[in-house]
1. What number comes out for the charge environment of residue 92, summing +1 per Lys or Arg and -1 per Asp or Glu over other residues with Cβ under 13 Å away?
2. Starting from the Cα gyration tensor of the range 94-212, multiply each eigenvalue by 5, take the square root, and state the resulting semi-axes largest first in whole Å.
3. Give me the number: length gained by fully extending residue 208 to residue 265, i.e. 0.36 nm times residue separation minus the C-alpha to C-alpha distance, one decimal in nm.
4. For a quick check: with amide H placed at 1.01 Å from N, whose amide H comes under 5 Å from residue 79's, ignoring anything fewer than 5 positions away on the same chain?
5. For the range 317-332, just list the computed ³J(HN,Hα) in residue order, Karplus coefficients 6.51, -1.76 and 1.60, θ = phi - 60°, integers in Hz, with x standing in for Gly and Pro.
6. So between residue 322 and residue 110, what do we pick up on full extension, going 0.36 nm a residue minus the alpha carbon distance?
7. Along Cα→Cβ, 7 Å out, is where each label goes; now give me the distance between the ones at residue 120 and residue 336 in nm to one decimal.
8. How large is ³J(HN,Hα) for each residue in the range 106-122, as worked out from phi by the Karplus curve 6.51 cos²θ - 1.76 cosθ + 1.60 (θ = phi - 60°), to whole Hz, x for Gly and Pro?
Amino acid sequence: MQIVGYVFRRPSLVLATRCLTVCSALLLVAGSTAAVEPGDRPVTSAIASDPNPPKGVADLKALERTVQKIVAAVAPSVVYVAGGSGVVVSSDGYVLTVAHVARRAGRNLVVIFPDGRRARAVTLGNDYGLDAGLLKITDDGPWPHAEWGRSDDLNPGQWCLTLGYPVSFEHGKMPAVRVGRVLHDGKKEIITDGTIMGGDSGAPLFNLDGRIIGIGTKCIDLLVYNIHVPIDRYRDDWEKLVQGKDFDSLAPKQALLGVIPADGSDEPRVASVIPGSGAEKSGIRAGDLLLKFAGTELHKFAELPPLVQRHRPGDKVEIELRRGTETLKLQVKLGRRNAGDDQ
């Protein structure tokens, strides 16, 4: 097992301390002071928040034994991929990583296990806002995998450990292990003082139950400020990720009517309706000519999108339209627009 007690950010200056025990790494953390986040927002001191801090070498050795058991159990599931890291989370080969490693859906990649085995994989969906990415191993399994944990109930001060491949994969070596504490347990990001660096993008963050609580995404020059995507955000968007959708969950939520214009025509006529949209549910049909949206007259289809975006998903608006010789007024509940949708 390779324990890294101190790592410089710059790959050319990697300094890894191999220890017979993890005590030295844990002592560094246990004796640290509160980290300060760049800007005006202070980060909670993990040490001050820990209700049961280690009281001596005996406690640290007990913690060491726990860490060693976790590493033995989970290390086989931590993979090297595309210059970064990842972790297998199912026997059939789903792999969590980050979007800036996966880049986009539909890429063919190779993942490498600690024992040197290689497996073909394809990138699935990516959440560019959170930097969450998903791969699927396409070769036959079963594959070693780690268990999902929870991130929404984390507490500042609890111990955690990261396993990944800083700089590069080296055949015959297990992923490097970094031990640290949770400093900040936000819904959009977890901040720890367990040092990560280049190559750790996509590296899993574990709690002391050996379950994944986050995925490493970025770091800054401050060694004790390391950012991870919370595991519950992968759970929240699992369906979209599996379906291979690239999206930004942090983008402003835009309203969707659900109508598609006719090609080669400026008139506000509906060529088709998006299945399941508010337009379809309200009864708007292909061929309808839109006359008014929320009381505003329409002369061209291009006038519709700005009017829709004045509203929020869930708003109810009145649509006036002409169908044949009949004029109709319909109430439409607007939906939520995804990337690539029309209005």
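All of the numbers you see were taken from the coordinates with simple rules; none came from a lab. Note that this is a predicted model, so its numbers are computed, not measured. Here Cβ is always computed from backbone atoms with ideal geometry, including for glycine, and neighbour counts include all displayed protein chains.
1. Working: positive: 136; negative: 139, 140.
Charge balance in the 13 Å sphere: -1.
2. Details: eigenvalues 117, 60, 36 Å².
Here the semi-axes work out to 24, 17, 13 Å.
3. Numbers: separation 57, 0.36 × 57 = 20.52 nm, distance 6.15 nm.
In short, 14.4 nm is gained.
4. Under 5 Å from the amide H of residue 79: 86, 87, 88.
5. Along the range 317-332, the couplings run 10, 9, 10, 10, 9, 10, 10, x, 9, 9, 9, 10, 10, 10, 8, 10 Hz.
6. Details: separation 212, 0.36 × 212 = 76.32 nm, distance 5.52 nm.
Result: 70.8 nm gained on full extension.
7. Going from the residue 120 label point to the residue 336 one covers 3.6 nm.
8. Values, residue by residue: x, 7, 8, 10, 10, 9, 10, 8, x, 7, x, 5, 10, 9, 7, 8, 10 Hz.
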